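Working notes for the structure below.
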Amino acid sequence: MKIAVLLKQTFDTEDRIIVKDGAVVPEGVTYIINPYDELAVEEALQLKEKAGKGEVVVISAGGAKVQESLRKALAMGADRAVRIDTDGLAADEGVIAVALAEAIQQDGFDLILGGWRAIDDGSAQVAVRVAEQLNLPQLNVVTKLEIEGNKAVAWREIDGGSEVLEASLPAVITAQRGLNEPRYPNMKGIMQAKKKELKTIPASSLLPAGVAAKVQISETFLPKAKAAGKVYKDDPAAAVQSLVAALREEAKVI
């Protein structure tokens, strides 16, 4: 089985993020594989190991720094990697999805895996757009996956229970937390990753004429810091009056 994994590099949300002049300051920020995409990488590796054969190819769109995350995926066990170079390109989710879909179509895959969303923008658009571009069935927010012959069987959580879905291959599957526990690259894997193929393709060579970004970021800012909580220490009757007054006049929620 030939499996493609869509991978995005994001900043670690555990870091202290600083925004200056409408952009995240890169100095001091750790960049990682989007955690949901890391689940997808692990699932692809497990499917290959279970089958005893196959190929796992990680594909990402971005600048040169994305190679760090692609190398980590190779160290985990992926066979090769493709970076779609978007330097100097005005790209939104739609443009990225078209480029990824074209790269996938040129190579030919039995299964496409990805995270259901990215932790930096939370748009949850790219993988499903790729499925639409390729006219493939899609199973999203999956917590368990089995491949039975030419069919994918997926489980996902819904209100009050779980749902089981089936789709014929090729298909696009997006991962949710609980699908697996991603492995850590070992020293052997890290050394092998340096010798594995990491191909770079200009995004312009994959985009049909007329494809352009429709979304522009007008402003980037951090949310306002939360105000400190208040504690009313008066007797209960007075405390209740003060609380109600604060809810009405300050918070304006009643």
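Quick note: the coordinates plus some simple rules give every number you see, no bench work behind them. None of the values given here were measured: they were computed from a predicted structure. All Cβ positions, glycine included, derive from the backbone under ideal geometry; neighbour counts span all protein chains shown.
Tabulated data
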item	result
Lys188-Asp21 pseudo-label distance in nm [points 7 Å out on the Cα-to-Cβ vector]	4.8
Volume per residue of the C-alpha convex hull in the chain, rounded to whole Å³	198
Cα-based helix-to-principal-axis angle, 93-107 vs the chain, degrees rounded to 10	20
Per principal axis, descending, Cα span of the range 182-254 in whole Å	72, 45, 17
The chain: angle of helix 35-51 to the longest principal axis, Cα-based, in degrees nearest 10	30
Inter-label distance for Asp87 and Glu49, nm, one decimal - labels placed 7 Å from Cα along Cα-to-Cβ	3.6
C-alpha long axis of helix 66-76 to longest principal axis of the chain, angle in °	70
Largest-first principal axis extents of the Cα set of the range 1-57 (Å)	49, 17, 14
Extreme residue, positive dipole direction of the range 2-205, given options Ala103, Val41, Ala81 (C-beta unit charges)	Ala81
Which listed pairs, of Lys20/Lys195; Lys48/Lys194; Lys20/Lys252, have C-alpha distances above 26 Å, in listed order	Lys20/Lys195; Lys20/Lys252
Length added when fully stretched, Glu181-Asp121, from 0.36 nm per residue minus Cα-Cα	19.3 nm
Helix-only CD estimate at 222 nm, as mean residue ellipticity for the chain, using -39500 (n - 2.57) per DSSP H run (n ≥ 4)	-9000 deg cm²/dmol
Length-normalised contact order of the chain in % [C-alpha pairs under 8 Å, at least 6 apart]	23
Separation of the Ala209 and Thr143 label points, Cα + 7 Å toward Cβ, nm	5.0
10 Å Cβ shell holding at most 14 others, DSSP loop, GluC sites (Glu not before Pro): longest site-free stretch of the chain	28-196
